[in-house]
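The values are calculated or read from the model by the stated rules, or taken from the named source; none is laboratory data. Predicted, not measured: the structure shown is a model, and the values here were computed from it. Here Cβ is always computed from backbone atoms with ideal geometry, including for glycine, and neighbour counts include all displayed protein chains. Side chains are part of the model used for accessible areas, which takes the heavy atoms of the whole protein and leaves out ligands, DNA and RNA. Shrake-Rupley method; radii C 1.70, N 1.55, O 1.52, S 1.80 Å.
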Amino acid sequence: MNREFAFPGTRPRYAPDRVVDLQHIALVLDVDPRARTLSGTATLRAAVVAPNTRAVELDAVELAIDGVRVDGKDAAYRHDGRRLRVELARPAAAGAELVIAVAYHGTPRRGLYFIAPDDGYPRKPLQVWTQGQDEDSRYWFPCVDTPNQKATSEVAVTVPASMFALSNGVLVSDRTEGDRRTLAWRLDVPHSCYLVTLAVGDFAAIETRWRDVPVLYYVERGREAAAERTLARTPEMLELFSTKFGVTYPYPRYAQVFVADFIFGGMENTSATTLTDTILIDERASLDYDIDALVAHELAHQWFGDLVTCRDWGEGWLNEGFATYAEYIWREHHEGRDAADLELDEWGEMYFGEDANRYRRTIATKLYDEPIDIFDHHLYEKGGRVLHMLRALLGDDAFYRALAHYLDKHRHGVVESRDLARAVEDATGKNVDWFFSQWVIDGAGHPELEVELRWDADRELAVVTVEQVQRVEGRTPLFRIPMRVRFRAGGRDVDVPLEIVEKKHVFHLRLEREPEQAIFDPGKVLLSATKTDKPEPMWIAELAGATLAIDRGYAANALARRGGPAAERALAQALREDRYWAVRGAAARGLATLRTATARDRLIAALATEPNARARRAIARALGEYTLDAAAGAALAQVVERGDASYFVEAEACLALGKTRTARAGELLRLAAGRESFTDVIRQHAYRGLAEARDDGALGLLVDGVRWGRVTQGRRAAAIALAQLVRGRRDREARDVREHLERLLFDRDFRVQAAAIEALATIGDPTANAALRRMVERELDGRLRRRGREVMRDLDEGAPLGDEVRRLRDELGELRSIAGTLRERLELLEAGRPGAPKAPKATKSTKSRQPKKPKRPKKR
C-alpha cells in the first residue's frame, strides 16, 4: 500500500484573492556583503481589482519596516513580521491605480543569501545572491509573493565599487561614486515576484550572441575557461527551443551566473539564470560528462514558467514538467534518440522509487503544507514522462503545434492543467481530457502490466495478452493506454497500434510471417511497470538487432534474468559488438547478474579494452557484483591503483572494489579517498566503497570526512557511509556515530543537513527522533522540514534492522556468487549429457535499469 503524500491535518491550498493587480515593481537597494545587510525601498504600482478596497496586504517576512507611502503620502500600516497591511486613506474603486512605496531594512535569513570566506573555507568568494522560488522573495523585498501576480520590474542596487550586480532584463545605467557602485536593471516583460533576481560578486563576464540577443556568462574571476566549457552549447539550445516551441526566445538578453553555495542546481530567474558553481566542468570531467540537462532545463523555463506561469504551485508541473522534458528534446537533438531515451529511463527510476518508498500523489494537487513539498519526482520526472506520452499520442507535428498555441495564447499569463488540455484541443482537434484526468489531475500511480507475446503457428497469428494488475483503489485507476507493439519480420519493423482499456485484453494480430522480434511498447514510452513473457529467441534477436538502444538494453536485462549458456553468449556478443555504449553497459550488468566465472572473465577483459568511458563505468560497476571474488577484485584494484582517464570510471571502480570485499579494498580505498576530483566524485565513491566493504576501521576516516572545511559532496557521502557501517547496530560505536550525525542536522550546509537526515533514516534508530524534531521545529528550509517529518514517522512506525538481518543480507550476496559458479558447472554438465532436457523457451522481464549516469544537481 502506497503512503499518502499529505500528512494528517493538511488543508488544501489555493491561489489567494487578487485584491489588486500588480503591474510594476521598482526596487532601490543598498547591499553590504560584509555586514550582511540590506536596506532600500520597494515601490509597487498596482490596479485595484476588488471594489471598495480599504487596505492592501503585502508579504514581508522578517523585514524591519521604516515607513510606507501611498500615492506619495504617508500611510498607516501594521506589520506582524510576516504580513504588511497598508491602510488606504479612503476606499479605492476597482480600476484605480495605487503606488505603494515601502522603506525597509534587514538581514534576511531566506531569499537573499550572503556568502563569505570562513574558517573552514577561506577561499570562498564574497557574494550575495537571491533564491525566490517558491515563496522566499518576501524575505528580501515586500511583495505579492504568489505566481499568479506578474509585473514588469526594475532593480537599482548599490554595492561596493569592486563588485558587479546582475538582475533581470537590460542594464540601463552603471555609475561609480567613490567606493560605491550603483547598477540599474529593467525588464519590460511581466514576470512573477519569485523570478526577480539579484547576484552580487566580483564576476568575470563572457559575452557571445544568439541571433541579435546578447548571451552572457558571469563567473568568479579565474574560472572563465570552465564557464565557457560548461555553457558552450547555450546558443544552440536557444535556437532549438525557439524553433521547437514555436515562440522565439522572448527576452532582450540571456545571462547565466555561477554562484557559490547555491541551494539548488539552478534557478530560472527571468532572463538571468543562477547556477551553482559546483557544476563548472574541468577538462578531465568533460571527457564523459556534461551539464547540458541542467542548462537546457533552466533555459526552457524562460518559456515554461517565466513567460507562461503556473497559476498556483499545485499546478507547478506546468513549469517543471516542461523544463524537464526540454532536457529530452535537447538530448534528442544533440546526441540522438538513444541518448535521450536514457534520460526517460532515469526519470522513470526516480519516480518509481519515490512512488514505492515515500508516497503516491496526483501530479497536480492542492493538498500540501508548503509549496516546496511538491517539488519532487512526481512534479519533475513524472511530469516529463507524461509530456513524452502526450507527444506519442499526438505525433510530433501536432504536439509542437499545440505547444506553440499554448505559449502564444497564454503569453505573459498564468495557467492550469486544463489550459494545456484546451490548447491541445484547439490546435489538434483532439479531446485529451481523459489523458489529463488519469495522468495529472485525478489519477495517481501508473499501470502495472503483465504481458505475454507468442506466435500461433497454426493460425499464423501473433497473440498479445495484456493484463493490468495494479490495485485499483484510492486515486489509482484502471488506465486507458494507447500504445504500440513492434514486430520485426523479414528484416522490417512493423508497428501495430493497440489500446488497452480493460483489465485484460487478448489481441490476435495477423502477420505475414512469424516475427523474429516482438517488442511491447518500443522505446518504452509508457510510464509503467511491465513484466514481459516471450520466447528466448525473441529476446536474443532483440538484443542483437532491435532498432532502439533502449529496447536492446531491456532485452539484455531479460536475458540476464533467464540465465543459461545462450543468454550468456548473447550478452557477451552485445558487450563486444553493440554500437551504443549504454547497451554494452546493460550487457555488462546482465553478465554480472549471471555471476559465472566465464561472465566475470568477459567483464575483466572488457574493462581493459572498452574505449568508451561511460561503458567502462558500467563494466566496473558490474564487477562489483562479484563479492569475495579475487579475480574481480584484482581487476578493479588495478583501476583504483593506476587511475583512469575518466574521474567517473575511477570512482565506480572504487565503489565496486568495496563491494567485492577483497583483500586490498581497504588499503586502496583509503588512498583513493585522498584524491581530488570534480565534485569530489572519487572521494565520494571511496567512502561508499569502504562502507560496502564493511570496513569498521574506516569510521575515523569517515568522521573526519564530514568535518566542516571538507568538500560538500564528500561530506555528504561520508555521512551516508557512516550510517551504512552501523546500520541496525545499537552498540556504543553506533551510538557515537548517530550522535555525530544528529549534530550535522544543524550544519551550516543545507546539503549536509539533508544527508544527515538520510543517514539517520538508514541507521533506523528511533532515538534520533528527538534531534530530528528539534531540527524540524527550528529549520527554515521546507525541504528539510518535510523530509525530517517523513523520517520521524518512519522511525516511529517501522522496526529497525537488526544485526541478524544485516548478516543475512550480506550472506545472501555471497551465496549468489557461489550459486553462479555452481550453475555454470551444472549447465556445462547438462550440455555434455546426451538427451539432456532443453532450457525453457520463455522468460520474464521487469523494468530494466540502464547504466546509471552520475547524479546531476537538483533543478528548479
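Within the stretch 25-34, one or more residues are touching a residue at least 24 places away in the same chain (Cβ under 8 Å) and touching a helix residue (DSSP H, G or I) at 6+ places or on another chain (Cβ under 8 Å). Within the stretch 572-584, is even one residue in contact (Cβ under 8 Å) with a residue 40 or more places away in the chain, over 25 Å from Tyr289 (Cα atoms) and part of a helix (DSSP H, G or I)? No, because not a single residue in the stretch 572-584 is in contact (Cβ under 8 Å) with a residue 40 or more places away in the chain, over 25 Å from Tyr289 (Cα atoms) and part of a helix (DSSP H, G or I). Against the condition surrounded by fewer than 18 Cβ atoms within 10 Å (Cβ to Cβ), assigned to a strand (DSSP E or B) and of a type in the set (A, V, I, L, M), how does Val159 come out, does it pass? So Val159 fails the test. Within the stretch 248-264, the set of residues being touching a residue at least 60 places away in the same chain (Cβ under 8 Å) and assigned to a loop (DSSP other than H, G, I, E, B) comprises Pro250, Tyr251, Pro252, Arg253, Ala260, Asp261, Phe262, Ile263, Phe264. Taken over the stretch 651-690, the residue count meeting the criterion of being in contact with a Leu (Cβ under 7 Å, 6 or more places away or on another chain) and open to solvent by 40 Å² or more (accessible area, probe 1.4 Å) is 3.
Might you let me know whether the stretch 173-188 holds any residue that is touching a residue at least 12 places away in the same chain (Cβ under 8 Å), in contact with a Phe, Trp or Tyr (Cβ under 6 Å, 6 or more places away or on another chain) and under 23 Å from Asn319 (Cα atoms)? Taking every residue of the stretch 173-188 in turn, none turns out to be touching a residue at least 12 places away in the same chain (Cβ under 8 Å), in contact with a Phe, Trp or Tyr (Cβ under 6 Å, 6 or more places away or on another chain) and under 23 Å from Asn319 (Cα atoms).
Specify which of the listed residues (Gly9, Gly67) is in a loop (DSSP other than H, G, I, E, B) and either more than 30 Å from His378 (Cα to Cα) or open to solvent by 30 Å² or more (accessible area, probe 1.4 Å) (or both). It is Gly9. Within the stretch 323-338, which residues are touching a residue at least 40 places away in the same chain (Cβ under 8 Å) and open to solvent by 10 Å² or more (accessible area, probe 1.4 Å)? Correct list: His333, His334, Arg337, Asp338.
Scanning the stretch 739-769 for residues that are part of a helix (DSSP H, G or I), charged (D, E, K, R) and out of contact with any helix residue (DSSP H, G or I) (no Cβ under 6 Å at 6 or more places or on another chain) gives Glu739, Arg743, Glu758.
Taking the listed residues Tyr121, Tyr77, the one that is under 29 Å from Ala165 (Cα atoms) and modelled with pLDDT of 95 or more is Tyr121, with no other qualifying. Out of Ser153, Ser137, Ser192, one residue alone is in contact with a helix residue (DSSP H, G or I) (Cβ under 6 Å, 6 or more places away or on another chain) and open to solvent by less than 10 Å² (accessible area, probe 1.4 Å). It is Ser137.
Considering only the stretch 293-322, state which residues are within 18 Å of Leu240 (Cβ to Cβ), assigned to a helix (DSSP H, G or I) and out of contact with any Asp or Glu (no Cβ under 7 Å at 6 or more places or on another chain). The answer is Leu294, Val295, Leu299, Ala300, Phe322.
Across the stretch 1-24, which residue is farthest from Arg793 (Cα to Cα) among those that are touching a residue at least 60 places away in the same chain (Cβ under 8 Å) and of a type in the set (Asp, Glu)? Only one residue tops the list, namely Asp21.
The set of residues in the stretch 166-183 that are more than 29 Å from the chain's Cα centre (by Cα) and surrounded by 18 or more Cβ atoms within 10 Å (Cβ to Cβ) comprises Arg181, Thr182, Leu183. When residues in the stretch 227-240 are screened for being open to solvent by 20 Å² or more (accessible area, probe 1.4 Å) and of a type in the set (A, V, I, L, M, F, W, C), 1 of them pass. Close Cβ contacts (under 8 Å, 6 or more residues apart or on different chains) running from residues in the stretch 86-108 that are open to solvent by less than 60 Å² (accessible area, probe 1.4 Å) and among the acidic types (Asp, Glu) to residues that are part of a strand (DSSP E or B) and modelled with pLDDT of 95 or more comprise Glu87/Arg54; Glu87/Ala55; Glu87/Tyr77; Glu87/Arg78. Kindly indicate whether Ala544 is open to solvent by 30 Å² or more (accessible area, probe 1.4 Å), among the hydrophobic types (A, V, I, L, M, F, W, C), in contact (Cβ under 8 Å) with a residue 12 or more places away in the chain and not in a loop (DSSP other than H, G, I, E, B). Against the criterion (open to solvent by 30 Å² or more (accessible area, probe 1.4 Å), among the hydrophobic types (A, V, I, L, M, F, W, C), in contact (Cβ under 8 Å) with a residue 12 or more places away in the chain and not in a loop (DSSP other than H, G, I, E, B)), Ala544 qualifies. Remark: Ile519 matches the filter, which requires a residue to be over 30 Å from Asp601 (Cβ atoms) and either among the hydrophobic types (A, V, I, L, M, F, W, C) or open to solvent by less than 40 Å² (accessible area, probe 1.4 Å) (or both). Of all the criteria given as (1) of a type in the set (Val, Ile, Thr); (2) more than 29 Å from the chain's Cα centre (by Cα); (3) surrounded by 24 or more Cβ atoms within 10 Å (Cβ to Cβ), the one not satisfied by Thr627 is (3). Restricting attention to the stretch 406-418, which residues are in contact (Cβ under 8 Å) with a residue 24 or more places away in the chain and not hydrophobic (A, V, I, L, M, F, W, C)? Residues satisfying the conditions are Tyr406, Asp408, His410, Arg411, His412, Gly413, Glu416, Ser417. Here Val451, Val424 are screened, and the one residue that is of a type outside the set (Asp, Glu) and either part of a strand (DSSP E or B) or in contact with a Ser or Thr (Cβ under 6 Å, 6 or more places away or on another chain) (or both) is Val451. Give me the residue from the stretch 528-541 that is surrounded by 22 or more Cβ atoms within 10 Å (Cβ to Cβ) and of a type in the set (A, V, I, L, M) and, out of that set, nearest to Leu591 (Cα to Cα). Per the stated criteria, the residue is Ile540. Reported count of residues in the stretch 650-709, each being in a helix (DSSP H, G or I) and either more than 25 Å from Ile619 (Cβ to Cβ) or aliphatic (A, V, I, L, M) (or both), is 25.
Report yes if some residue within the stretch 470-484 is at negative phi, surrounded by fewer than 16 Cβ atoms within 10 Å (Cβ to Cβ), in contact with a helix residue (DSSP H, G or I) (Cβ under 7 Å, 6 or more places away or on another chain) and part of a strand (DSSP E or B); otherwise report no. The answer is yes; a qualifying residue exists.
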